[in-house]
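Take a look at the structure set out below.
The values are calculated or read from the model by the stated rules, or taken from the named source; none is laboratory data. Note that the coordinates shown come from a computational prediction; the quantities given were computed from them, not determined experimentally. Backbone-built Cβ (ideal geometry, glycine too); neighbour counts: all protein chains shown. Note: areas computed on protein heavy atoms with side chains; ligands, DNA, RNA excluded. Shrake-Rupley method; radii C 1.70, N 1.55, O 1.52, S 1.80 Å.
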Amino acid sequence: MESKYNVIDLTVNEERLKNVVKRAKERGIIIPTLAQLKDPSLIPDDIKEKLKDVGLWDLNPLNLFRIGWHNDTKEMGGLYKDVNYLCIPSEISGVKAKIIALCGKWFPTGSHKVGAAFGCLVPRLVTGQFDPTKQKAVWPSTGNYCRGGAYDSALLACDSIAILPEGMSNERFEWLKNVAGDTIATPGSESNVKEIFDKCWELRNSGEDLMIFNQFDEFGNYLWHHEVTGKAIEEILDAEMNENSRFRGYISATGSGGTIAAGDYLKKKYPNLKIAASEALQCPTIFLNGYGEHRIEGIGDKHIPWIHNIKNTDAVTAIDDEATMNWIRMFNEPEGHKVLKANGVSDEIIEQLNLVGISGAANIISAIKFAKYFELTEDDILVTVLTDSIDMYKSRLVELNEERGDFTSCDAYGVMERYFKGINTDYFKELNYRERRTVHNLKYYTWIEQQGKTYDEILEQWYNDDYWANITKQVDRLDELIEEFNERVRQCE
């Protein structure tokens with residue numbers, strides 16, 4: 001049954017679009033299509049030539065063409081290569097299954113969240129719904145997304161407001177000082193998403209001319225990951241699978257509900273795939289309808305994102321944040337490296353462990369639990385995602401040393417036994433139909449009661465599979481609008 005909801009609005013506002021085109025011309029902005037972000041071979045040669053003189057984090061419009069998974073692992077002047085990923089060896093995982101993790105470090109801003117921001121902004125930009133010459137762009141998030149949004153806004157010379165909890169890492173706030181127009185620190189930490197939403201309502205009611213790009217309910221976020229992240233994982237599988245291989249699971253922290261959308265793409269290609277959501281044990285929203293504070297920065301909790309297709313989620317695992325904090329110590333402290341090496345981890349892998357941030361550690365632990373729960377073998381493959389790297393959390397390492405003392409050899413052996421070899425299947429749950437429906441129903445309290453969504457639409461999300469299919473049907477039209485926009489920019493005087 002065709003859904004009546006066209007969830008990404010691609011209606012063109014011609015008057016505003018004229019202003020957007022003029023601003024893009026002034027700033028030298030050409031916007032990549034999703035097809036180009038999926039396949040960099042489609043990017044024009046003149047763009048690639050210019051990128052050779054551009055740093056990965058430079059505030060340069062050309063870096064829009066680096067909002068994908070194929071970037072060279074270079075800080076300056078890199079072009080494109082195969083998808084960036086890390087294979088977690090069994091000496092770390094303790095399981096036979098191959099665990100593959102996409103690496104988010106090599107995006108502009110050092111996190112794939114700049115892709116979610118791109119996905120939310122571009123539909124509004126190329127239709128003229130958002131006018132950067134008159135409106136402020138508001139980016140509510142738990143950290144990396146608002147950094148991506150502020151980055152995109154800076155490219156447009158657009159005033160931006162970044163909103164994130166005051167308890168997030170110092171690296172986020174220090175970076176935003178130099179990029180965002182304004183930064184608002186809301187009360188609490190990672191779990192306090194409602195406080196972010198409350199601040200958005202305050203801004204809406206302020207009378208300022210602004211537009212809020214809420215990653216938790218913007219289906220451009222879903223679409224970007226479905227198309228770009230999903231395709232990147234498919235490429236990895238093509239390279240890694242042999243005739244005996246079985247792709248068994250895609251594991252993603254729920255966060256805004258964007259990254260896990262890649263699972264919807266993959267399940268169409270691999271129908272036997274199971275999608276597992278990962279969250280913090282200290283705030284087990286899906287696992288136990290629970291609440292609380294935790295330290296796995298970047299994943300958000302106490303609500304179910306509007307754009308999370310719960311009906312397609314097969315399992316949930318809750319990860320103790322103490323495990324993640326010990327993992328990042330193990331991966332970045334000298335004594336940790338020694339113990340890892342003593343357990344057979346190669347120098348080559350140890351040198352790459354700085355690619356793992358806190359949420360990345362949680363995702364890998366979730367994948368290990370998945371492998372143990374389903375008793376996977378050496379023929380089985382799991383895929384997960386490293387949203388960012390330790391670059392976003394070096395201050396946390398300092399804080400841990402100040403709080404607990406230096407990370408000693410004794411500490412490292414203890415962590416290896418408890419938080420690596422000791423991983424088991426506790427707090428892992430397969431979700432049946434009724435359990436998934438129970439989780440989906442939680443959307444009501446956030447999105448219907450608080451955020452103005454309709455009761456009819458929450459039912460449509462559950463009962464009409466065409467609701468989700470409609471999102472991905474819009475990709476071709478969005479790319480057409482991007483190409484039309486770029487042509488207008490070229491012809492603009």
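Scanning segment 249-264 for residues that are touching a residue at least 60 places away in the same chain (Cβ under 8 Å) and in a loop (DSSP other than H, G, I, E, B) yields GLY255, SER256, GLY258. Checked against (1) open to solvent by less than 30 Å² (accessible area, probe 1.4 Å); (2) out of contact with any helix residue (DSSP H, G or I) (no Cβ under 7 Å at 6 or more places or on another chain); (3) charged (D, E, K, R), ARG66 meets all criteria but (2). Restrict the check to segment 440-451 and report whether at least one residue is touching a residue at least 40 places away in the same chain (Cβ under 8 Å) and within 17 Å of ILE275 (Cα to Cα). Yes, there is a match, as at least one residue in segment 440-451 is touching a residue at least 40 places away in the same chain (Cβ under 8 Å) and within 17 Å of ILE275 (Cα to Cα). Within segment 276-289, restricting attention to residues that are part of a helix (DSSP H, G or I) and aliphatic (A, V, I, L, M), the residue that is surrounded by the fewest Cβ atoms within 10 Å (Cβ to Cβ) is LEU288. Flag not set for LEU64, criterion: outside any helix (DSSP H, G or I), modelled with pLDDT of 95 or more and in contact with a Pro (Cβ under 7 Å, 6 or more places away or on another chain).
Evaluation of LYS267 against the conditions (1) over 25 Å from PHE118 (Cα atoms); (2) assigned to a helix (DSSP H, G or I); (3) among the basic types (Lys, Arg) shows that the sole unmet condition is (1).
Within segment 129-137, is there a residue that is under 13 Å from the mean Cα position of the chain (by Cα), at pLDDT below 95, buried (at least 24 other Cβ atoms within 10 Å of the Cβ) and within 28 Å of ASN192 (Cα to Cα)?
The first filter runs over segment 129-137 and keeps only residues under 13 Å from the mean Cα position of the chain (by Cα), leaving none.
For segment 129-137, residues under 13 Å from the mean Cα position of the chain (by Cα), at pLDDT below 95, buried (at least 24 other Cβ atoms within 10 Å of the Cβ) and within 28 Å of ASN192 (Cα to Cα): absent.
Report, by residue number, each residue of segment 421-450 that is surrounded by fewer than 18 Cβ atoms within 10 Å (Cβ to Cβ) and closer than 23 Å to CYS200 by Cα. LEU442, TYR444, TYR445, ILE448, GLU449, GLN450 - these are the residues of segment 421-450 that are surrounded by fewer than 18 Cβ atoms within 10 Å (Cβ to Cβ) and closer than 23 Å to CYS200 by Cα.
Taking segment 211-236 as the range and being open to solvent by 10 Å² or more (accessible area, probe 1.4 Å) and touching a Leu at 6+ places or on another chain (Cβ under 6 Å) as the test, only GLU227 passes. Please verify whether VAL345 is in contact with a helix residue (DSSP H, G or I) (Cβ under 8 Å, 6 or more places away or on another chain), surrounded by 24 or more Cβ atoms within 10 Å (Cβ to Cβ) and modelled with pLDDT of 95 or more, treating the condition exactly as stated. No: the conditions fail for VAL345. Do we have ILE307 as in a helix (DSSP H, G or I), aliphatic (A, V, I, L, M) and either touching a residue at least 40 places away in the same chain (Cβ under 8 Å) or within 29 Å of HIS70 (Cβ to Cβ) (or both) here? For ILE307, the condition - in a helix (DSSP H, G or I), aliphatic (A, V, I, L, M) and either touching a residue at least 40 places away in the same chain (Cβ under 8 Å) or within 29 Å of HIS70 (Cβ to Cβ) (or both) - is not met. Among the residues of segment 357-372, are any open to solvent by 10 Å² or more (accessible area, probe 1.4 Å) and over 23 Å from ASN401 (Cα atoms)? Yes, there is a match, as at least one residue in segment 357-372 is open to solvent by 10 Å² or more (accessible area, probe 1.4 Å) and over 23 Å from ASN401 (Cα atoms). Of the numbered conditions (1) more than 30 Å from TYR463 (Cβ to Cβ); (2) of a type outside the set (Val, Ile, Thr); (3) open to solvent by less than 30 Å² (accessible area, probe 1.4 Å), ALA318 satisfies every one except a single condition; which is it? Every listed condition holds for ALA318 apart from (1). The set of residues in segment 373-398 being among the hydrophobic types (A, V, I, L, M, F, W, C) and open to solvent by 20 Å² or more (accessible area, probe 1.4 Å) consists of PHE374, LEU397, VAL398. Taken over segment 26-60, the criterion of being open to solvent by less than 90 Å² (accessible area, probe 1.4 Å), assigned to a helix (DSSP H, G or I) and either at pLDDT below 95 or among the aliphatic types (A, V, I, L, M) (or both) is satisfied by LEU34, ALA35, LEU37, ILE47, LEU51.
Would it be correct to say that LEU273 is open to solvent by 30 Å² or more (accessible area, probe 1.4 Å), on the phi < 0 side of the Ramachandran plot, touching a strand residue (DSSP E or B) at 6+ places or on another chain (Cβ under 8 Å) and hydrophobic (A, V, I, L, M, F, W, C)? Reasoning before the result, please.
Working: open to solvent by 30 Å² or more (accessible area, probe 1.4 Å): no; on the phi < 0 side of the Ramachandran plot: yes; touching a strand residue (DSSP E or B) at 6+ places or on another chain (Cβ under 8 Å): yes; hydrophobic (A, V, I, L, M, F, W, C): yes.
No.
Can you say whether LEU481 is of a type outside the set (D, E, K, R), within 27 Å of the chain's Cα centre (by Cα) and surrounded by 14 or more Cβ atoms within 10 Å (Cβ to Cβ), as far as the supplied structure shows?
Numbers: of a type outside the set (D, E, K, R): yes; within 27 Å of the chain's Cα centre (by Cα): yes; surrounded by 14 or more Cβ atoms within 10 Å (Cβ to Cβ): yes.
For LEU481, the condition - of a type outside the set (D, E, K, R), within 27 Å of the chain's Cα centre (by Cα) and surrounded by 14 or more Cβ atoms within 10 Å (Cβ to Cβ) - is met.
Restricted to segment 80-118, and to residues there that are in a loop (DSSP other than H, G, I, E, B) and out of contact with any strand residue (DSSP E or B) (no Cβ under 8 Å at 6 or more places or on another chain), the residue that is most open to solvent (accessible area, probe 1.4 Å) is ASP82. For segment 185-201, the criterion of being open to solvent by 30 Å² or more (accessible area, probe 1.4 Å) and of a type in the set (Ser, Thr, Tyr) is met by none of the residues.
Would you check if GLY292 is part of a loop (DSSP other than H, G, I, E, B), crowded, with 22+ Cβ neighbours inside 10 Å and on the phi > 0 side of the Ramachandran plot? Spell out how you get there, then give the answer.
On the way: part of a loop (DSSP other than H, G, I, E, B): yes; crowded, with 22+ Cβ neighbours inside 10 Å: no; on the phi > 0 side of the Ramachandran plot: yes.
So GLY292 fails the test.
Where helices (runs of 4 or more DSSP H) fall entirely within segment 318-362, those with at least 2 residues that are small (Gly, Ala, Ser) are at 334-342. From the list LYS473, LYS453, the one residue that fits, being over 27 Å from ALA280 (Cα atoms) and open to solvent by 20 Å² or more (accessible area, probe 1.4 Å), is LYS473.
Scanning segment 203-248 for residues that are in a helix (DSSP H, G or I) and more than 27 Å from LEU376 (Cα to Cα) yields a count of 10.
Which residues, taken from segment 147-169, are outside any helix (DSSP H, G or I), closer than 23 Å to ILE299 by Cα and of a type in the set (Gly, Ala, Ser)? If the condition is that a residue be outside any helix (DSSP H, G or I), closer than 23 Å to ILE299 by Cα and of a type in the set (Gly, Ala, Ser), then SER160, ALA162, GLY167, SER169 are the ones that fit.
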